[in-house]
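Colleague: Below are the structure tokens for one structure; questions will follow.
The values are calculated or read from the model by the stated rules, or taken from the named source; none is laboratory data. Predicted model, so just to flag it, every value in this text is computed and none were measured. Counting neighbours? That spans all protein chains shown, and the Cβs are built from the backbone with ideal geometry, glycine included.
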Amino acid sequence: MPTPSATAMPEPLSMPERAAWTLPELLARRAAELGDSEFITTETETISFAELDRASDRVATALARLGVQPGDRVLALALNSVAFIVAMLATHKRRAVFTPINTELKGSFLEHQVRNSAPRVVLVDAELLDAFAMVDTDGVSIDHTVVIGADPPAEGRPAALAATAWHRWGDLFATTADPAAVLRAEPSDVCTIMYTSGTTGPAKGVLLPQAHCVLFAKGAADATALRHTDRYYVCMPFFHANALFMQIYACLWAGCPATVVQRFSVGRWLDDVIDSGATATNALGVMPEFIFRRPPDRRDRSHRLTRVMAVPIGEEWGAAFEQRFGVRLVQGFGMTEINMVAYSDPADPVIPGCAGRVLEEFFEVIVADPDTDEPLPADRVGEILVRPRQPFCFNVGYFQMPDKTVEAWRNLWFHTGDAGRFDPQGRLHFVDRLKDRIRRRGENISSYEIEQVLNNHPAVLESAAVGVRVEGAGGEEEIKAVLVLEPGASIDPAELTAYCVERMPRFAVPRYVEVGDALDKTPSGKVRKQALRGEGITAATWDREAAGIDLRRG
């Protein structure tokens, strides 16, 4: 991988006024200032700031010729690549809506998001085409399929996309730009839909305006004091807000290069940060603990890293991580819907769970009684509620789910579903989750969607999926499925695992399975999941890992 560019860069870089907070405008500024300086380097390619601007103009022209109009959705089932970022900015330059999808989705998980977003164009990596094999798109008017990484297959095209017009990404990339096809984006434009866990229902598509995306980038760059002399190491997937907005676009805000790999590898992490010359990186969920739990290496400080944004940080390893690697850990609190509303102060010692002080120029935050929404005093735990102080720096609802939008916006506050508290110094602390979503390996997983797959198994009458805490999970959870079987039926947990692997993302496949006679329910018919979580792992629980079934990537 290349060493950081020595190209002279202007100081300071210009920052757009809030009236010009759009990603295309930010790119245009950086392209004019930094020209052919390196921006993104992946394992196979590099693109400069100026070439990204030119390439996204060309692809915007190609999208216009495919009929993409403002407000249309362009769905991307795509791996980390230059093509992903070019396609996103090109979509924005048509004032259309880029819709990145988790690359591990398949079956009903993928089908829901395709149906909900109703895209005009599907952009898909050639190696991910099979994900559409069990997807029914009947009634969804997809006009075009664009294949990245290979020519569209002549045979064996998934039925979900067979009736569309097929195109090579390279042809779009090589289109001659037409300035008339590039439209001026506005901060109020809904430019991206990101799907987040549905908790007790299907995943919800969060509507993100341009200014919301830019503030994600600005906030992360400010919190890490990112400068054009830095280099970011990005090992998280672009379909997540963390990698996309808080890393790639934070680099665009600061004018610094980024080294990108396909996925996080605990065994390769130290080598990568040394080889790339990175000065900053992010590590979400269990990633920093996994890194810390690796045996000490004589090269643990033979790198240029100075700060790592990490959430959550454990009491038993947080300060020791900083000491071992010679870095500063940065924490924060946020979610796709609300942006990042707080960041820790570099002057404070690392305090596990302390998200820091609220960005009061942009957000109002309270901790409230979850039953009444009444604000609570310092050190009392309640639900974290948020609302914006600036226009278009916040989500504007859930796509085609008005009931979920209203539910989240009770009493003029957005309800995060997360428990927290303010300390007497005014710092926000994250405590736990209030809802039924499961947090595993950096993913928020809908228990509802897992249960839909389980309940379709012929031997299963009903099911409940819960997150259970186990030793070594870094404060996150493993998934336990509790099943009630059809009368007279039996089930082999290993066979059930194979059934799930075919129909859901790898990260959502339950590790634990337990069969019971009935599910305890409330008078209104809701499963008492808190009790199931409290039971944890019992003598009757089957453990996939103990059975020797390994679902990790090869």
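Colleague: Take the residues of the range 106-138 that are in a loop (DSSP other than H, G, I, E, B) and under 20 Å from the mean Cα position of the chain (by Cα): which is nearest to residue 53 (Cα to Cα)?
Modeller: Filtering the range 106-138 for residues in a loop (DSSP other than H, G, I, E, B) gives 106, 118-120, 135-138.
From what is left, the residues that are under 20 Å from the mean Cα position of the chain (by Cα) are 106, 119.
Details: 106: 33, 119: 24 Å.
Going through the qualifying residues, I end up with 119.
Colleague: Something else: Please count how many residues of the range 148-178 are assigned to a helix (DSSP H, G or I) and without any contact (Cβ under 8 Å) to a residue 12 or more places away in the chain.
Modeller: Count: 1.
Per-residue answers, yes or no, for (1) out of contact with any helix residue (DSSP H, G or I) (no Cβ under 6 Å at 6 or more places or on another chain); (2) modelled with pLDDT under 90:
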{"position": "391", "(1), (2)": "yes, no"}
{"position": "407", "(1), (2)": "yes, no"}
{"position": "410", "(1), (2)": "yes, no"}
{"position": "419", "(1), (2)": "yes, yes"}
{"position": "422", "(1), (2)": "yes, no"}
{"position": "433", "(1), (2)": "yes, yes"}
{"position": "441", "(1), (2)": "no, yes"}
{"position": "444", "(1), (2)": "yes, yes"}
{"position": "456", "(1), (2)": "yes, yes"}
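Colleague: Now for a different question. With the structure loaded, tell me whether residue 19 is modelled with pLDDT under 95, under 30 Å from residue 117 (Cα atoms) and out of contact with any Gly (no Cβ under 9 Å at 6 or more places or on another chain) or whether it fails that test.
Modeller: It is true that residue 19 is modelled with pLDDT under 95, under 30 Å from residue 117 (Cα atoms) and out of contact with any Gly (no Cβ under 9 Å at 6 or more places or on another chain).
Colleague: Hey, another quick one. Please return the ranges of helices (runs of 4 or more DSSP H) entirely within the range 220-313 where 3 or more residues are modelled with pLDDT of 95 or more and of a type in the set (Asp, Glu). Walk me through how you get there before you give the answer.
Modeller: On the way: elements: 249-254, 269-276, 287-293.
Ranges flagged: 269-276.
Colleague: OK, next. Test of understanding: among 433, 410, 439, which residue is surrounded by fewer than 20 Cβ atoms within 10 Å (Cβ to Cβ), farther than 28 Å from residue 505 by Cβ and basic (Lys, Arg)? Can you show your working first?
Modeller: Working: 433 fails: farther than 28 Å from residue 505 by Cβ; 439 fails: farther than 28 Å from residue 505 by Cβ.
Exactly one of 433, 410, 439 is surrounded by fewer than 20 Cβ atoms within 10 Å (Cβ to Cβ), farther than 28 Å from residue 505 by Cβ and basic (Lys, Arg), namely 410.
Colleague: In this structure, does residue 158 turn out to be in contact with a Phe, Trp or Tyr (Cβ under 6 Å, 6 or more places away or on another chain), buried (at least 17 other Cβ atoms within 10 Å of the Cβ) and under 20 Å from residue 129 (Cβ atoms)?
Modeller: Criteria met by residue 158.
Colleague: Among the candidates 103, 99, 61, which residue alone is of a type in the set (Ser, Thr, Tyr), buried (at least 20 other Cβ atoms within 10 Å of the Cβ), assigned to a helix (DSSP H, G or I) and assigned by TED's automatic domain parsing to the domain that holds residue 139?
Modeller: Matching residue, one of 103, 99, 61: 61.
Colleague: Which of the residues belonging to the range 25-58 are in contact with a helix residue (DSSP H, G or I) (Cβ under 6 Å, 6 or more places away or on another chain), without any contact (Cβ under 8 Å) to a residue 60 or more places away in the chain and not in a helix (DSSP H, G or I)?
Modeller: 35, 36, 45, 47 - these are the residues of the range 25-58 that are in contact with a helix residue (DSSP H, G or I) (Cβ under 6 Å, 6 or more places away or on another chain), without any contact (Cβ under 8 Å) to a residue 60 or more places away in the chain and not in a helix (DSSP H, G or I).
Colleague: A further question on this structure: If residue 324 passes every condition in (1) among the charged types (D, E, K, R); (2) assigned by TED's automatic domain parsing to the domain that holds residue 274; (3) touching a residue at least 60 places away in the same chain (Cβ under 8 Å); (4) not in a loop (DSSP other than H, G, I, E, B) but one, which one does it miss?
Modeller: Of (1) among the charged types (D, E, K, R); (2) assigned by TED's automatic domain parsing to the domain that holds residue 274; (3) touching a residue at least 60 places away in the same chain (Cβ under 8 Å); (4) not in a loop (DSSP other than H, G, I, E, B), only one is false for residue 324: (3).
Colleague: Further question: Would you mind stating whether residue 384 is at negative phi and in contact with a Pro (Cβ under 9 Å, 6 or more places away or on another chain)?
Modeller: No; evaluated as a whole, the condition is false for this residue.
Colleague: If residue 224 meets every condition in (1) farther than 30 Å from residue 403 by Cα; (2) of a type in the set (S, T, N, Q); (3) surrounded by fewer than 22 Cβ atoms within 10 Å (Cβ to Cβ) apart from one, which number is that one?
Modeller: (3)
Colleague: Give the range 477-502 a look and list any residue that's touching a residue at least 60 places away in the same chain (Cβ under 8 Å) and either surrounded by 19 or more Cβ atoms within 10 Å (Cβ to Cβ) or over 25 Å from the mean Cα position of the chain (by Cα) (or both), or say none. So that I can check it myself, show each step before the final result.
Modeller: Start the filter on the range 477-502 by keeping residues that are touching a residue at least 60 places away in the same chain (Cβ under 8 Å), which leaves 480, 502.
480, the sole residue that qualifies.
Colleague: Across the range 266-311, what is the total count of residues that are of a type in the set (Ser, Thr, Tyr), buried (at least 22 other Cβ atoms within 10 Å of the Cβ) and out of contact with any strand residue (DSSP E or B) (no Cβ under 7 Å at 6 or more places or on another chain)?
Modeller: Kept after step one, since they are of a type in the set (Ser, Thr, Tyr), are these residues of the range 266-311: 276, 279, 281, 302, 306.
Add one more test, that the residue is buried (at least 22 other Cβ atoms within 10 Å of the Cβ), and what stays is 276, 279, 281.
If we keep only those that are out of contact with any strand residue (DSSP E or B) (no Cβ under 7 Å at 6 or more places or on another chain) as well, we get 279.
Here the count works out to 1.
Colleague: Another question about this same structure. Mind checking whether some residue in the range 73-96 is surrounded by fewer than 23 Cβ atoms within 10 Å (Cβ to Cβ) and among the β-branched types (Val, Ile, Thr)?
Modeller: yes
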